[in-house]
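The values are calculated or read from the model by the stated rules, or taken from the named source; none is laboratory data. Note that this is a predicted model, so its numbers are computed, not measured. Here the Cβ positions follow ideal geometry from the backbone for every residue, glycine too, while neighbour counts run over all protein chains shown. Side chains included, ligands, DNA and RNA excluded: accessible areas come from the protein's heavy atoms. Shrake-Rupley method; radii C 1.70, N 1.55, O 1.52, S 1.80 Å.
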There are 2 protein chains.
Amino acid sequence: MARPRTFDEALVLEGAMELFRERGLHGISIPELSERLGICKQSLYNAFGDKRRLYLSALRRWGEQQVEEKLALLDQAPSPLEGVRRLVGEWAGLAAICPSPGCLTVTAIVDNADDPDALAIVEGQVEGLERGLRAALVKAQALGELRAEASPERLARILISTCYGFGVLARLPGSGPVIEDSVATLLALLDDAAA
Amino acid sequence: MARPRTFDEALVLEGAMELFRERGLHGISIPELSERLGICKQSLYNAFGDKRRLYLSALRRWGEQQVEEKLALLDQAPSPLEGVRRLVGEWAGLAAICPSPGCLTVTAIVDNADDPDALAIVEGQVEGLERGLRAALVKAQALGELRAEASPERLARILISTCYGFGVLARLPGSGPVIEDSVATLLALLDDAAA
DNA sequence: CATGTTCTAGAACGTCAAGCCTAGAATACT
DNA sequence: AGTATTCTAGGCTTGACGTTCTAGAACATG
């Protein structure tokens, strides 16, 4: 019937995701995407539609990947609170890697302030993380790992906000060590809230 | 000698700042800036140079304004710790106003990841806030408002990161109440660290 | 082998941006 | 009054981008 795709669509999407992470929606053009991904423009259009849809696909993929990865950390941890510690440490620690390719969620919010589709995807991701964190904190509280007066809901939210803050500051050159130290501080605050 | 400027340069810069806050560097064009500011393109070029320099000027002004305003809160407060509380409450609370025009610092970092000049301005602003917060926390500690084991340096940094996180999440529609609640949580955490 | 779809490479199109330039009106100084 | 500078209004140039189109090569299926 037809010549099959000679490229792995998922792999290309992954590549596009990386480029969007580093440069943002407007920071990379279709011609450059085509060149860097090793695929001609036409194939990009055939496979993903237009630029906006390619971006949304990449954003969706990023979201799924991030949420999945982080919820897995929660599941695999020996205890709920330890899971939270690992999630926060991993997430925020990633921001400290220098030079960081950046958090696509952060750039997506800034680059697509007026695109409801993009914002909806981001919202879903944020909610997914918040739900996971909250559930783990509730469990931790039930197990006595967390003080009874602490609010899992509020704690989850503040942890998330802080991590996104790291995601912003991580884009400043040389911020790696500072952020790494801040991650330790955040974890210490979490311990304070627990004890 | 010459016809004087018929517009107030500072006022126009303020207007440009607002537009850049809402839409980002690439989100608003020179023709639209000209129209919205009520000044013809040529006058913009005469007064501010090219678009990049106009943006940098707006960013500088934003930084000065923000730092100044926030350090003033520290000075006017009845006690150092209360100053910190007010600064954080004011800053993060601003993000909760809906719809928020957004924090120019956050968008500047994302929009200008490869412009050292822009990043340097932002860095200066972040450092200014950090220095002020740290100094206030040191004073608070000397007065016994803050536990002796607490680290003013680390506390200052984590507060800043969290507030920038609010600045990101504030761009999601409907996030106002959630952020407002998170501000309260953050202040409660500060109290925990103090007591 | 024939067919039809997808591939590649690259040209072409329309749009819009940034920046520059012109021309004429306005206004402070000498 | 004359002069020089800034103003406004708008057109022009150049270039980039997103998108579509053309033309021909590759290849799985009938």
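What residues in region B:170-193 lose 20 Å² or more of accessible surface when the other protein chains are added to their chain alone (1.4 Å probe)?
B:Arg171, B:Leu172, B:Pro173, B:Val178, B:Asp181, B:Ser182, B:Thr185, B:Leu189, B:Asp192
Restricting the calculation to Cα positions, tell me the Rg (one decimal) and the Dmax (whole number) of the protein assembly as shown in Å.
In order Rg, Dmax, the Cα atoms of the protein assembly as shown give 22.3, 81 Å.
In whole Å, how far is the Cα centre of region A:101-131 from that of region A:14-31?
With region A:101-131 and region A:14-31 each reduced to a Cα centre, they are spaced 15 Å.
State in Å² the accessible area per residue of region A:38-142; use a 1.4 Å probe, count heavy atoms of protein chains only, and round to the nearest integer.
With the other protein chains kept in place, region A:38-142 gives 44 Å² per residue.
Which value, in debye to the nearest 20, describes the size of the charge dipole of chain B about its Cα centre when Lys and Arg Cβ atoms bear +1, Asp and Glu Cβ atoms bear -1, and nothing else is charged?
Magnitude of the dipole: close to 380 debye.
For region B:1-49, just say rounded, prolate or oblate: build the C-alpha gyration tensor, square-root its eigenvalues into a ≥ b ≥ c, call rounded for a/c under 1.5, and beyond that prolate if a/b exceeds b/c, oblate if not.
prolate
Using 0.36 nm per residue of separation minus the Cα-Cα distance, give me the extension gain between B:Asp114 and B:Ser29 in nm, one decimal.
28.6 nm
Please work out how much accessible surface A:Lys139 shows to a 1.4 Å probe, ignoring ligands, DNA and RNA, in Å² rounded to 10.
Approximately 120 Å² of A:Lys139 is accessible to the 1.4 Å probe.
With just the Cα atoms of region A:117-195, tell me how far they stretch along each of the three principal axes, in Å, largest first.
41, 35, 13
In the protein assembly as shown, carbon and sulfur make up what percent of the accessible area (probe 1.4 Å)?
That share works out to 52 percent.
Where Rh denotes the Kirkwood radius from the mean inverse Cα pair distance, what is Rg over Rh for chain A?
Checking Rg against Rh, the ratio lands at 1.04.
In Å², nearest 100, what accessible area do chains B and A bury in total when the solvent probe is 1.4 Å?
Summed over both sides, the interface buries about 3200 Å².
In straight Cα distance, which aspartates and glutamates are under 19 Å from B:Lys41, not counting same-chain residues fewer than 8 positions off?
By straight Cα distance, B:Lys41 reaches B:Asp8, B:Glu9, B:Glu14, B:Glu18, B:Glu32, B:Asp50.
What is chain B's relative contact order, in percent, from Cα pairs under 8 angstrom and six or more apart in sequence?
24
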